[in-house]
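What follows is a short report on a single structure.
The values are calculated or read from the model by the stated rules, or taken from the named source; none is laboratory data. Quick caveat: nothing in here was measured; it's all calculated off a predicted structure. With ideal geometry, Cβ positions are generated from the backbone for all residues, glycine too; neighbour counts draw on all protein chains shown. For accessibility, only protein heavy atoms count, side chains too; no ligands or nucleic acids. Shrake-Rupley method; radii C 1.70, N 1.55, O 1.52, S 1.80 Å.
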Amino acid sequence: MSAIDSPSLFERIGGAAAIDELIEAFYVRVLADPLLAPFFHDAPLDRLRKMQKEFFAMALGGPIAYSGKSLAHAHHGRGVKREHFAHFVGHLVETLKDVGISQEDADHVIEHINTYTNEITGTSY
């Protein structure tokens, strides 16, 4: 199998069904976290989950387009700091393990998500 024919990370972790399971389990953790829960107090959670599912599918090479605002725009002025983002990613790591994603694929997921740190935190370093 050539690199062109190799499955995307989206496909390797199980496609849309796996993303759905991942995001649902992930937000149980995030919303129970006293450091992160306040960021979601007034958020429309159904829309948030839908946007996250689209975002993760797109970020992991899936065929689903992300229809939300740019990450920088969506997070601007919300006070999300690197500490918060690190906490968020920590919950993602644990959720990936819980839903049975291989360590190698989990590492790739985190690698992809970490590329958005500056957009989400509004930092440039």
## Note on the structure
Sorted by chain and number, the residues with a modelled amide H under 5 Å from that of G62, at a separation of 5 or more or across chains, are F10
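Between R29 and A72, what FRET efficiency comes out of the Förster formula 1/(1 + (r/R0)^6) with R0 = 22 Å and r the beta carbon distance, rounded to 0.05? Can you show the working numbers first?
On the way: r = 25 Å, r/R0 = 1.12.
Calculated value: 0.35.
Shape of the stretch 11-101 from its Cα gyration tensor (a ≥ b ≥ c, root eigenvalues): rounded if a/c is under 1.5, otherwise prolate when a/b > b/c, or oblate? Before the final figure, lay out the partial values.
Numbers: a/c = 1.79, a/b = 1.26, b/c = 1.42.
Cα axes put the stretch 11-101 in the oblate bin.
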### Query
By the gyration tensor of its Cα atoms, with a ≥ b ≥ c the square roots of the eigenvalues, what is the shape of the stretch 59-125: rounded for a/c under 1.5, prolate for a/b over b/c, or oblate?
oblate
### Message
Under a Cβ-only charge scheme (Lys and Arg +1, Asp and Glu -1), can you give me the dipole magnitude of the chain about the Cα centre, in debye to the nearest 20?
### Response
500
### Message
With angles folded into 0 to 90 degrees, how steeply does helix 82-98 sit against the dominant principal axis of the chain? Use alpha carbons for both and round to 10.
### Response
40
### Summary
Rounded to the nearest 10, the angle in degrees between the Cα long axis of helix 15-32 and the longest principal axis of the Cα atoms of the chain comes to 30
### Task
Rounded to the nearest 500, what is the 222 nm mean residue ellipticity of the chain from helices alone, with -39500 (n - 2.57) per DSSP H run of 4+ residues and division by all residues?
-18500 deg cm²/dmol
### Query
What angle, in degrees between 0 and 90 and rounded to the nearest 10, separates the Cα long axis of helix 103-114 from the longest principal axis of the Cα atoms of the chain?
50
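Would you mind putting 39-50, 13-24 in packing order, based on average other-beta-carbon counts within 10 Å, highest first?
13-24, 39-50
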#### Entry: I64, I120, reordered so the largest accessible area comes first (probe 1.4 Å)
I64, I120
